[in-house]
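The structure under discussion appears below in the form of structure tokens.
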Amino acid sequence: MAGFDTIAIHAGQDPDPRTGAVAVPIYQTSTYKQDGVGGLREGYEYSRSANPTRNALEQAMAALEGGSRGLAFASGLAAEDAVFRTVCRPGDHVILPGDAYGGTFRLVAKVLANWGVEHTSVPLDDLDAVRAAVRPTTKVVWCETPTNPLLGIADIAALAGIAHDAGALLVVDNTFASPYLQQPIALGADVVVHSTTKYLGGHSDVVGGALVAADAELGERLGFHQNAMGAVAGPFDAWLVLRGIKTLGVRMDRHCANARRIVEFLGEHPAVDSVLYPGLPSHPGHEVAAKQMRDFGGMISFRLRGGEETALKVCGLTSVFTLGESLGGVESLIEHPGRMTHMSVAGSPLEVPNDLVRLSVGIENIEDLLDDLASALA
Ligand code: PLP
């Protein structure tokens with residue numbers, strides 16, 4: 001079998017048979033000429049149902065995650081919504097991570113709850129707590145690892161065992177790791193979810209989402225819902241993600257190398273109270289992360305001794321790190337989760353500490369990133 005970078009560059013992306021174009025063309029079309037009624041060329045009928053550029057991305061995603069079917073959506077949350085609405089009916093129950101991405105929590109607690117979907121939030125590193133939260137109606141165990149923004153680690157293989165014993169699916173949001181660093185299907189997950197907005201796109205220029213199903217039958221049901229619900233990725237957005245994917249491996253190596261240097265620097269800085277990064281041997285999830293990840297990623301969170309006031313000030317003082325939401329792009333970003341990305345969980349059990357700062361470490365020169373942080377922390 002081909003290596004990861006070869007798959008990233010070639011899967012679903014054979015040169016165009018008509019012109020030989022090496023880059024997949026952007027099929028910016030809503031509909032397709034039929035050769036007589038029902039005479040579809042290669043099955044293409046209407047671009048909500050299928051589009052060749054989107055199909056190329058979907059095939060690439062399935063190959064990268066080692067699944068049987070990939071599906072591309074307009075955003076990560078649209079992809080998540082498709083999973084819940086495919087799998088859950090009124091009265092069903094889902095288990096969410098104790099520090100789930102705020103948008104996932106909001107989707108389940110504020111939207112799907114109105115259609116009778118129940119949930120329990122559990123720290124996923126506590127496997128007994130996960131087992132105890134299982135109900136006869138549990139249909140989904142939802143896992144994020146590493147988590148956003150606390151960088152918690154969950155044991156994917158152990159969670160797959162618990163979910164399957166309960167007759168539920170294990171769904172893994174692999175946004176933070178990307179398939180380069182972690183492949184949940186090989187560890188037993190049934191569905192992988194991505195916000196392709198992040199590392200897969202990689203250049204902060206597109207919002208998108210993707211699902212990969214391990215099993216063809218589940219992939220078929222998810223595909224039915226993708227078409228029925230309609231939140232598909234447009235051709236240009238699909239193309240941007242496809243282009244990003246080609247360099248995923250080399251970008252991730254640099255994200256990880258830069259993050260390691262920044263973790264060292266923060267760990268020794270007097271203004272920093274603690275650093276949250278699964279690559280640190282002191283991190284409670286380090287061993288599990290080392291077992292299931294190729295490297296530890298480009299996301300770092302840290303807490304400041306000076307509390308919220310200092311955290312907010314530091315976020316405003318960097319110049320190479322841009323103050324902004326999102327993550328996973330080539331450019332470094334800094335943010336205050338409590339006031340920015342995780343506002344939607346304020347007042348809930350998922351509320352994050354107000355002295356926390358999150359970094360998405362980009363691929364700029366490491367000395368410039370270190371100088372920038374040093375001057376902001378000074
Ligand atoms: N999952 C994680 C871990 C995220 O960080 C995000 C967005 O920040 C999402 C899902 C949602 O993705 P999108 O913003 O593309 O809808």
Student exercise, the chain dipole from Lys, Arg, Asp, Glu Cβ charges, in Debye to nearest 20: 740 debye
Size of segment 244-375 as Cα extents on the principal axes (Å, biggest first): 38, 33, 30
Packing-based order for 73-80, 47-54, using average beta carbon neighbours within 10 Å, highest first: 73-80, 47-54
For a label point 7 Å along the Cα-to-beta-carbon line of Ala158, residues of segment 290-305 with backbone N under 13 Å: 290-292
Gap separating the Cα centres of segment 261-293 and segment 67-107, nearest whole Å: 29 Å
Sequence-distant residues sharing a close amide H with Leu323 (under 5 Å, placed H): Ile334
Sites Ala346 and Gln28, calculated FRET efficiency, Cβ-Cβ separation with R0 56 Å, nearest 0.05: 0.85
Theoretical FRET efficiency, 1/(1+(r/R0)^6), r = Cβ-Cβ of Glu308 and Ser375, R0 30 Å, to 0.05: 0.90
Set of aspartates and glutamates near Lys33 by C-alpha distance (under 17 Å), chain-local residues within fewer than 8 positions excluded: Glu42, Glu45
For segment 344-378 and segment 115-154, distance of Cα centres in Å: 26 Å
Backbone N within segment 242-282 under 17 Å of label point (7 Å from His10 Cα along the Cβ vector): 246-249
Helix runs (DSSP H) in the chain reaching 24 Å along axis by Cα, Kyte-Doolittle at least 0.0: none
Cα gyration tensor category, rounded, prolate or oblate, for the chain with a/c compared to 1.5: oblate
Fluctuation leader among Val108, Val250, Val117 - the chain, Gaussian network, Cα springs under 10 angstrom: Val250
Leading residue at positive end of dipole, the chain (Cβ point charges), from Ser319, Val108, Gly38: Gly38
Probe 1.4 Å, accessible area per residue of segment 26-128, Å²: 44 Å²
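The values are calculated or read from the model by the stated rules, or taken from the named source; none is laboratory data. Only a predicted model underlies this, so the values are computations on that prediction, with no experimental measurement involved. With ideal geometry, Cβ positions are generated from the backbone for all residues, glycine too; neighbour counts draw on all protein chains shown. Just so you know, the surface numbers come from the protein's heavy atoms only, side chains and all, with ligands and any DNA or RNA stripped out. Shrake-Rupley method; radii C 1.70, N 1.55, O 1.52, S 1.80 Å.
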